[in-house]
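Notes to accompany the following structure.
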Amino acid sequence: MSEPKIIVLSGPSGVGKGTIRKMLDLDALNLVNSVSWTTRDPRPEDIEGVTYHFVSQDEFQKNIDEDGFVEYAGYTNNAYGTPKKQLEDWMAQGKNVLLEIEVNGAKQVMEKYPEAVSIFLVPPTMEDLRKRLIGRKSEDEAKIQARLAAAQKELDQKDNYQYQVVNDDANRAATEVAKIIQSCTSGK
Ligand code: ADP
Ligand code: 5GP
């Protein structure tokens, strides 16, 4: 069996990272999802401990002070971070770990773990991205605008990733992502 790997899946908010992640066969890929900490408010569909650990700014800061994050970053006025212990425990158990994170955190992971596999999910067009953010109905207009502004800067960093996958059709894109993970983790 090959060494367990960190798989970084990045891309602008609304491109479909969560959608693609949910379509992956985690067991077949020997993969677990990292559950991030965030200071943002939960959305109706969020489940504490499953989609995120929702924490106060003080709790988040305390974990930074205790060196408890593999990476963390600010994104549109909130903080997001990958807890270190959970990732280390899973890797010690031989599991590949999927981090669905934004570009600044991804950069930190790529620097700390050069063997990590990095995948950037690209929207077919900015108009598609805008429609997806609106269609998700999870943010108000101001937050959508903030996310679209962030998206442009995020897209500028896509060449820093080993793989770029266009999320045109979700099934097609999920198959492509699964093949990348398979080929990078099976030791072939
Ligand atoms: P992210 O996790 O990157 O923020 P989501 O997975 O929440 O994005 O997707 C944002 C919206 O776009 C959701 O409503 C989702 O159903 C939709 N979506 C995802 N992938 C596609 C696709 N390939 N084609 C059309 N709509 C999509
Ligand atoms: P959302 O608020 O839509 O759940 O997430 C906003 C952005 O933060 C998304 O791009 C998401 O991938 C990213 N994100 C989620 N968890 C983490 C994390 O632990 N670290 C970093 N750096 N980004 C994260």
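Just so you know, all these numbers are worked out from the coordinates, no wet-lab data involved. Owing to the predicted nature of the structure, the values given are computational and were not obtained by experimental measurement. Quick reminder, even Gly has a Cβ in these numbers, built from the backbone with ideal geometry, and neighbours come from all protein chains shown.
Tabulated data for the structure shown
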read-out	value
Listed residue (PRO44, PRO12, ALA92) projecting farthest to the positive dipole end of the chain, Cβ model	PRO12
Most to least packed among 156-169, 102-115 [average Cβ atoms within 10 Å]	102-115, 156-169
Theoretical gain in end-to-end length, SER138 to GLU111 [0.36 nm per residue, Cα-Cα removed]	6.5 nm
Cα-centred dipole magnitude for the stretch 1-92, charges only on beta-carbon of K, R (+1) and D, E (-1), debye, nearest 20	360 debye
Per-selection Rg to Rh, the stretch 6-185 - Cα, Kirkwood hydrodynamic radius	0.93
The stretch 1-137: antiparallel DSSP beta bridges as a percent of all, rounded to 5	35 percent
Estimated dipole of the chain in Debye, rounded to 20 [Cβ of Lys and Arg +1, of Asp and Glu -1, Cα centre]	480 debye
Whole-Å distance, taken between Cα centres, linking the stretch 37-82 and the stretch 96-148	16 Å
Rounded FRET efficiency, nearest 0.05, which uses the C-beta distance separating LYS22 from ASP128 and R0 of 22 Å	0.70
Relative contact order %, the chain, counting alpha carbon pairs below 8 Å whose residues are six or more apart	36 percent
Sequence ranges 32-43, 58-69, ranked by mean other-Cβ count within 10 angstrom, highest first	32-43, 58-69
Eligible lysines near LYS153 by straight Cα distance, threshold 20 Å, same-chain separation 8 or greater	LYS17, LYS107, LYS131, LYS143
Prolate/oblate/rounded call for the stretch 2-91, Cα gyration tensor, a/c under 1.5 rounded	oblate
